[in-house]
Amino acid sequence: MPQIDDRDQRILTLLQQDCRLSNAELAEAVGMSASALWRRVRSLEEAGIIERYGATVNPARMGLEFEAIVHVHLARHDREGTRAFISAVQGRGEVQECYATTGQSDYHLRVLCRDLEAFNRFLEEFLFRQPAVASAQTNVVLRTIKRNGPVTR
């Protein structure tokens, strides 16, 4: 894995802010030649530091007005039940993020839905039908303070 120096960090910060920057624009911004910058970005990609490029989409403008954090407790922690739960969650578009954590809950899901009715259907028709799920607690997101902050060292 390559050592991340200040120039690499600047490249990463700029790409996280706008991944559509051209190679020439990025090279100028960090004070490098275009060919040297291209090699450095390629090295960051090959090392897995840059995983992918993408667009940030505004959920509300897509009609997804309801957001919640769902804290899931599993009834049992056997390998097959856990795998089935993870696979089911990965296949659901409403689930934007899923984290296995320490603490009172086993998993934390960030869920986006059109409205409360759609969220209720997600719970009743999907989440509570998962055999490994014992219970879930929901925190409705009232306002987003920070999302998709840049990763820095």
Subject >> Chain lengthening between V141 and H73 when straightened (0.36 nm per residue, less Cα-Cα) >> reply: 22.5 nm
Subject >> For region 106-153, alpha-carbon Rg relative to the globular expectation (2.2 N^0.38 Å, N residues) >> reply: 1.46
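Going by how many other beta carbons lie within 10 Å of each one, how would you line up R83, R114, fewest first?
Values: R83 11, R114 15.
Result, fewest neighbours first: R83, R114.
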Original post:
Does anyone have the angle between helix 6-17 and the longest principal axis of the chain? Alpha-carbon axes, 0 to 90°, nearest 10?
Top reply: 50
Original post:
Using alpha carbons only, how many degrees (0 to 90, rounded to 10) separate the axis of helix 116-125 from the longest principal axis of the chain?
Top reply: 70
Original post:
Binned at 5 Å from 0, what are the whole-percent values of the Cα-Cα distance distribution for region 86-132, short to long?
Top reply: 5, 19, 30, 28, 13, 4, 0
Subject >> Counting all C-alpha pairs of region 1-114, share separated by more than 18 Å (%) >> reply: 65
Original post:
Label points 7 Å out from Cα along the Cβ direction at R7 and A24: separation in nm?
Top reply: 2.1
**OP:** Return the whole-Å distance between the Cα centroid of region 1-57 and the Cα centroid of region 82-153.
**Re:** 31
**OP:** For region 20-94, run through the GluC sites (Glu not before Pro) and keep only the ones in DSSP coil with at most 15 other Cβ atoms within 10 Å of their Cβ.
**Re:** E51, E65
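Find out how many positive minus negative residues lie around F85, taking Lys and Arg as positive, Asp and Glu as negative, among other residues whose Cβ is under 13 Å from that of F85.
Details: positive: R76, R79, R83, R92, R129; negative: D78, E80, D106.
Once all neighbours under 13 Å are counted, the net charge is +2.
Divide by every residue of the chain the summed helix terms, -39500 (n - 2.57) for each DSSP H run of at least 4, and state the resulting mean residue ellipticity at 222 nm, rounded to the nearest 500 deg cm²/dmol. Don't jump to the answer; show the numbers that get you there.
Values: 5 runs with 55 residues, N = 153.
Computed ellipticity for the chain at 222 nm equals -11000 deg cm²/dmol.
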Subject >> Under the Karplus curve 6.51 cos²θ - 1.76 cosθ + 1.60, θ = phi - 60°, whole-Hz ³J(HN,Hα) for region 40-50, x wherever Gly or Pro sits >> reply: 5, 5, 4, 5, 5, 5, 5, 7, x, 6, 8
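Using the Kirkwood radius over Cα pairs, work out the Stokes-Einstein diffusion coefficient for region 6-46 at 25 °C and 0.890 mPa s, in µm²/s as a whole number. List each step's numbers first, then the result.
Working: Rh = 9.9 Å.
Rounded, D is 248 µm²/s.
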Original post:
What percent does the relative contact order of the chain come to when contacts are Cα pairs within less than 8 Å and at least six residues apart?
Top reply: 27
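Read-outs: derived from the displayed coordinates by stated rules, not from any lab. Given the structure is predicted, the values throughout are model-derived calculations rather than measurements. Positions of Cβ are backbone-derived with ideal geometry, glycine not excepted, and every protein chain shown enters the neighbour counts.
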